[in-house]
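Just below is one structure, and these are the notes that go with it.
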Amino acid sequence: MLCPFCQHTDSRVLESRSAEAGSSIRRRRECLNCQRRFTTYERIEFVPITVLKRDGAIESFDRSKLLRGMIRACEKTGVPQTTLESIIDEIEAQLQVRERHQVSSVEIGEMVLQYLQEVSEVAYVRFASVYRQFRGVRDFAEALNHFTAN
């Protein structure tokens, strides 16, 4: 670690503790050359996830956009926003551990539907109606049949 005062490359760690709700580590260091102390933060660097849209466009994964869609699907169902945020955390964690960091919007939609199926039947059907672009009652009936079959 480079000392901010004398630019020496060797330092020793005096103290380490969790910071920012566990998302980083705060380290108190002492330079072995000038003996001055400084603080560093160590964070996990995530590889950005890109989403391949149906129209062929590529955009960055946007958890707030996904959350908005899920909130709309869960309106008046009693599903708390914290539950939706934890679902998105799980989906994002699953996407981060993949070798490929490009995912199709179809895959993300299917992942959301798997979680919503466990949380709320109404939210599942609402999300499916937008995600699968339902055109009429027959599409709703097929979704309901799929839901009851699982």
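The values are calculated or read from the model by the stated rules, or taken from the named source; none is laboratory data. Remember, it's a predicted structure, so these values are computed and weren't measured experimentally. Positions of Cβ are backbone-derived with ideal geometry, glycine not excepted, and every protein chain shown enters the neighbour counts. Accessible surface areas use protein heavy atoms only, side chains included; no ligands, DNA or RNA. Shrake-Rupley method; radii C 1.70, N 1.55, O 1.52, S 1.80 Å.
General remarks:
- Of all residues in region 102-143, those being touching a residue at least 12 places away in the same chain (Cβ under 8 Å), farther than 19 Å from Pro80 by Cβ and open to solvent by 90 Å² or more (accessible area, probe 1.4 Å) number 1.
- Restricting region 37-50 to residues that are open to solvent by 70 Å² or more (accessible area, probe 1.4 Å) and of a type in the set (Val, Ile, Thr), the residue that is modelled with the lowest pLDDT is Ile44.
- Residues located in region 51-101, provided they are exposed (fewer than 11 other Cβ atoms within 10 Å of the Cβ) and under 19 Å from Ser23 (Cβ atoms): Ser64, Thr82, Ala93, Val97
- Here Val51 does not qualify as among the hydrophobic types (A, V, I, L, M, F, W, C) and either touching a Lys or Arg at 6+ places or on another chain (Cβ under 6 Å) or under 17 Å from Ala128 (Cβ atoms) (or both).
- Residue pairs meeting the criteria (Cβ under 9 Å; at least 6 apart or on separate chains; first more than 12 Å from Tyr124 (Cα to Cα), in region 73-84; second loosely packed, with under 15 Cβ neighbours inside 10 Å and not aromatic (Phe, Trp, Tyr)): Gln81/Ile71; Leu84/Ile71
- Tally, over region 11-66, of residues that are outside any strand (DSSP E or B) and free of Cβ contacts under 8 Å to residues at least 24 places away in the same chain: 13
- Meets criteria (in contact with a Lys or Arg (Cβ under 6 Å, 6 or more places away or on another chain) and not basic (Lys, Arg)) for Ile88: yes
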